[in-house]
Every structure is written in structure tokens, then in C-alpha cells.
Amino acid sequence: MNQIAAGEVVDRPAAALKELLENSLDAGARSVSVELTEGGVRRMRVIDDGHGIEREDLPLALARFATSKIASLEDLERAATLGFRGEALASIGSVARLAIVTRRGEERHAWRIACEAGNLSAIEPAALASGTTVDVEDLYFNTPARRKFLKSEATEFARCDEAFARIALSRPAVAFGLSHNGRRVSHMPPQEPRARAAALLGDDFAGTAVEVRAESARLRLAGLAAAPGFTRPNRDAQYLYVNGRFVRDKVIAHALREAYADVLHHDRHPAYVLFLEIDPALVDVNVHPAKSEVRFRESNAVHQFVFHAVSRALALKMGTHPVSRGAEPAPPPSSSPRETGYVPVLNLQQPTVAYETMFATAVADERNALRSSEMPSASPALGYALAQLQGVYILAQNAAGLVIVDMHAAHERIVYESLKAQLDAAVLPSQPLLVPIAMTATPEEIEQAQSARSELESLGFDVAATGPRELLIRAVPTLLADLDSQGLLRSVLREMAEFGASRVLVERRNELLSTMACHAAIRANRALTIPEMNALLRQMEETERAGSCNHGRPTWVQFGMQELDRLFMRGR
Ligand SMILES: Nc1ncnc2c1ncn2[C@@H]1O[C@H](COP(=O)(O)OP(=O)(O)OP(=O)(O)O)[C@@H](O)[C@H]1O
Ligand SMILES: [Mg+2]
């Protein structure tokens, strides 16, 4: 058996674990538990309650290129299972001591087969209630070179834990357990997707993430995307699945970055758990030994679809959710002060939490109705202004309690969104150049410029090919006339070639608009009258993404009456 090739599929314990978990899912398991010893190197056991393997198929399961999952090349094109190569168990069996115990429903007992460094044992009767248990011991015992590449036990365990999380996140309806060196690390019953995300990524993500749900004729996207305030300094919390399989894909990553561009500071990264479903015939999953990359037949369409789906989900419009009377009060948000402390935690994700609790509780219960008796019954989401604080904040009262608004941040967002809307409605105005700019270009750039001529025009560019290696820029987008036109055109052409459409201009334009908005917005220390403040509150309710300013900071926070009561230790 070829141990070098095996190294590609199972280059470390985490890779072996991923393969075993995928096999359990392919076998229809409803419950999977994993027992690791010494980072998975010493021992790795995966126990499932799936459909098991027939006795006569056992040697085949361990043979290279034998799979029960596809029968023809056509099947490979539409592979709906996670496995399709028939390589994983053979690879693991060639670099470890492997044993499989399995029992199909109709059998009177289980069967066991073992494999050590590629040599199969005889098949023997064994005891097992149902399903399959795969036991892998002493990974790489016969390949010292590979063993040398392993990191510390803690590191290898952390990687296994991550592989486990990726799989567990993708199947919330399946129960999962994980233990390391005899200690239980995690145990998850069948759950709702949001509860599973909370178990693996934390309450602060799951409690505030917005739901993404979009469908077109051939694509479907569903999952959770972090609220703009919840960001990470790295890309760790980005989980993308294509047809149920975790992948890293640069087309989709780019679409997501763009969807967040407007609400995220540039050195922060969004967090998400997103599932893309696509006709298997339109995606090639066999491009990477660990199947962690895919190739889309029509990557442009996928890019557009994901970008729009996530942008829409993020552009939470305030005030459009009806306040239901008589609703059950929502449980306190996870960011609410701990029972022991009395200082409210004003963390960044509060606005979204506040939306949710506000809409759930709001005017619903009598107590609130009494307390806000001076307010009209149909109270707007952000309530009515009471006063201005130190020239910086607006204090307002709404059905849930006290609202504090950062006046400048809020106004900045309002101005910015309205500038964008005005421009989006029209074609970008174009400014002819007195002296056209000649620029040297690659044949690809020239080809792209010619085939996307009308699209370039709608962006405000007038570009013509004037030689085999020369483009002439005759007009540029008016708003961006002061920028480096050649550089701009190059990025636009590159993006068009790669992603089918370019948002470079829109992004540059938005950066400019954002600067303009910042200057145009009300500065601190400007006294506002109560009607002016109320007008601002009403505008916020009407504005998309009004929960955060252009840099992702919150524009307002909510203090519920319970939170205030707690501050004053009332009702204890
Ligand atoms: N936990 C399990 N329950 C039931 N059958 C299993 C299980 N694990 C493996 N098998 C069977 O063993 C075969 C070989 O598994 P293996 O992982 O090597 O290949 P595969 O899943 O078909 O393809 P890939 O190499 O892409 O994972 C599978 O096709 C399946 O029939
Ligand atoms: Mg497999």
C-alpha cells in the first residue's frame, strides 16, 4: 500500500478524524461519539449508530478505490455523499492499526475486521448493538517521517477539535460527543441550528447573528451571519459549507467580504456559518485531496447570489417588524449583566439583541404599559426624545425603557445611506477627459475591456483599445475623477474577469461618500431641539443598517427597565 499517497488524505490525526466522521454521516448516523487519546495519535475511536457494513463488504471497505457510494462516473458528477473515492479507510489502514466492528440491522451479531499497515485480518464475529465503531491506534507507527511532523499533543487535539466542530456545526440534528484522554469535552444532543452554533461558537455569536435565507432556481443559501458588531481579528469563525461539506472558497469569501464592507472595519473579519446548496453537477468537489476546495462551473453567478443574500440579511431595516401584543417576554439577552454584577455591559452587539428583545416584549406586558403611560400606544421603535446629554448623546424613552443614541454616528449613517441610495438609482455620472489617458495593458485586460464595454460605461468609464497592448481612457466616473484612473480601471477589469462583476468602483465611491457623510453629519456639541431629536430617531427607524455607524460601531443602545431595576436593586 502506498504510504506516501496515504499521507495526502490523512496527513494528521485531524484529517483522519474528519474522514471517519464523514463516513458515519454518510451511513445515516443519528448519533456519533469520538474518543481521542493523546491528541488522536495514540488512539481515535468513532462510534456511530449508522446502517453498518455487510460482512462481505468489509474487506472492500478497506481496499483502495473501493466505495459503496457511487457506481459510475456520472454518479461522481452528482455525488450527494461526503465520500466518493473509496480511499479514506485504506489510507488510514496503511499508516495505523485499524479495526472496524460493525453490525447491520438484520444481522444476528456484529463482525470485526482489522488492518495493520495495510494487512487485513480474517473477519471474526464480534459484539456490538448496532452501527459501526472504527478504532484507529498508533497513527503513523510505521511512518516515522510523518510522525516527526506531528506537533504537540495539545496542538493535534486542537486540530481534531476543530475538525469535529466543522462536522458538528453542519449537522445540528445529529447528536455528537467528544472526549479526550477520558475526559468529556463536549456533548451535544440533536439541536436547532442556532443552538448548535451557540454550543460551538458561543452565545455571543449565536445570540446576535442574523439569519440568512435566500433561494434561486439553482442555488440556496441558509445559515447565520454575525451582526456587524460581532467581529473577529482573524478568519477563524468562518464556516462555509457547499452541499454539506466544509470548504474554503475564495469566490464566496470575496462575496462575503464585500457584503460586510459597509458595516465592518477593514481589519476585522466577519463570522458566519453558511450553507450553500447547489446542483452537484454545477460544482466540482474533486479538486483537493481533503476535498476542502471546490470549483464552481459558474462562479460569477455564485458570487452575485451570495453577495446579495448576505447584504440583504445585514441590511436589517428597523421599525418594520410589527410589535405583537400579548407576546411572552423574551428571556434576557446573553449580553445582559450577570446576576452578580450591577454594571451593564455595553458591548458592541447590543443593538441587535435589543431589537430582538424589544420586538418580543415591547408594549406587550401591562407593567410596561403602565410605566410608559404618557406615551402614545403605538410607540415607535426608538421611542421619543427626552433630552440631550453633554452634546453627544440623545436620551429617549421607548416601550422597553431607555434608549441612548450616539447622535453623530447615527446621523452619519443616515446621510451615508441616503447618498448611496441617490447614486444607486442612477447610472454613475461620467466625466470626459480633456486629455485621454493611454495605458499599457495585457491582452487579457484588453479583451476584458472590450467584452464588458457597456458595463464599463454604466460605471462611468469610456475605454477603447488603441493597440494590441494599449487602452485609452476617454472618460472616468465623475465622483472618482481625482483618483488614480489607471489603477482603478485595472482593479475593475481584474475583478470583472475573476468574479464577473466589479464592485471596486462602488466600494471606492462608498469610501468617499462615507467621508462626505462624516463631514456632513451633525458634530458633537450641537444643541438639538426635542423635535429635531425626534426627527433623527424617526429617520433612523427608516434607514437600513441604522444599528451601526459606517465603521461598525453601534449607533444606539437599549437599557431595558429590568436592567435599570437591577441597577437600583429594585424588586429583590
Ligand atoms: N461508519 C461507517 N458506516 C457504514 N459504512 C461505512 C462506514 N465507514 C466506511 N464505510 C463503508 O466503507 C467504504 C469505504 O470508506 P472510505 O471512507 O474509505 O471511502 P468512501 O467514503 O466511499 O470515499 P472517500 O475516500 O471519499 O471517503 C464506504 O464506501 C462505506 O461503504
Ligand atoms: Mg469516506
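Throughout, read-outs are computed from the coordinates displayed, never taken from laboratory work. The structure displayed is predicted, hence computed values, not measured ones. All Cβ positions, glycine included, derive from the backbone under ideal geometry; neighbour counts span all protein chains shown.
For labels at R183 and R297 in the simple 7 Å Cα→Cβ model, what's the distance in nm?
Distance between the two pseudo-spin positions: 5.0 nm.
So for E455, E56, fewest C-beta neighbours within 10 Å to most, what's the order?
Working: E455 14, E56 9.
Neighbour counts put them in this order, fewest first: E56, E455.
Taking a label point 7 Å from the Cα of E498 along the Cα→Cβ vector, which residues of region 299-314 have an amide N closer than 18 Å to it?
Correct set: 299-308.
Provide the net charge surrounding L25, with neighbours chosen by a C-beta distance below 9 Å and charges set as Lys +1, Arg +1, Asp -1, Glu -1.
Details: positive: R171; negative: E22, D26, D48.
Residues near L25 contribute -2 overall.
Local charge sum around G391 (other residues, Cβ-Cβ under 10 Å, Lys/Arg +1, Asp/Glu -1)? Intermediate values should be presented prior to the final figure.
On the way: positive: R523, R526; negative: none.
Computed value for this residue: +2.
If you stretched the chain out fully between A122 and R248, how much longer would it get, using 0.36 nm times the residue separation minus the C-alpha to C-alpha distance? Could the numbers behind the result be given before it?
Values: separation 126, 0.36 × 126 = 45.36 nm, distance 4.05 nm.
Gain on extension, A122 to R248, equals 41.3 nm.
Length gain on complete extension for the stretch R570 to I522, per 0.36 nm per residue less the alpha carbon to alpha carbon distance? Walk me through the numbers on the way to the answer.
Working: separation 48, 0.36 × 48 = 17.28 nm, distance 3.75 nm.
Length difference between fully extended and current span is 13.5 nm.
Suppose every K and R has +1 on its Cβ and every D and E has -1 on its Cβ; what is the size of the dipole of region 113-179 about the Cα centre, in Debye to the nearest 20? Each step should come with its number before you reach the end.
Working: 7 positive and 9 negative charges, 75 e Å.
That gives region 113-179 a dipole magnitude of about 360 debye.
How long is the gain from R553 to R218 if the chain were fully straight, where each residue apart is worth 0.36 nm and the alpha carbon distance is subtracted?
Values: separation 335, 0.36 × 335 = 120.60 nm, distance 3.62 nm.
Full extension of this stretch gives 117.0 nm more.
I need R196, R55 ordered by Cβ neighbour count within 10 Å, fewest first.
Values: R196 24, R55 16.
With the fewest neighbours first, R196, R55 line up as R55, R196.
In the structure shown, do any of K151/K291; K69/K291; K69/K148; K69/K250 have a Cα-Cα gap over 26 Å, and if so which? Let's see the in-between values first.
Values: K151/K291 23 Å; K69/K291 16 Å; K69/K148 34 Å; K69/K250 29 Å.
The pairs that break the limit, which is 26 Å between Cα atoms, are K69/K148; K69/K250.
Could I have the simple spin-label model distance between R312 and S130, label points 7 Å from Cα toward Cβ, reported in nm to one decimal?
Distance between label points: 4.1 nm.
In what sequence do H303, H519 fall when counting other Cβ within 10 Å, fewest first?
On the way: H303 23, H519 9.
Going from least to most buried by this count: H519, H303.
Of I530, L472, S502, which is farthest towards the positive pole of region 456-555's charge dipole, taken about the Cα centre with +1 and -1 on the beta-carbons of Lys, Arg and Asp, Glu respectively?
I530
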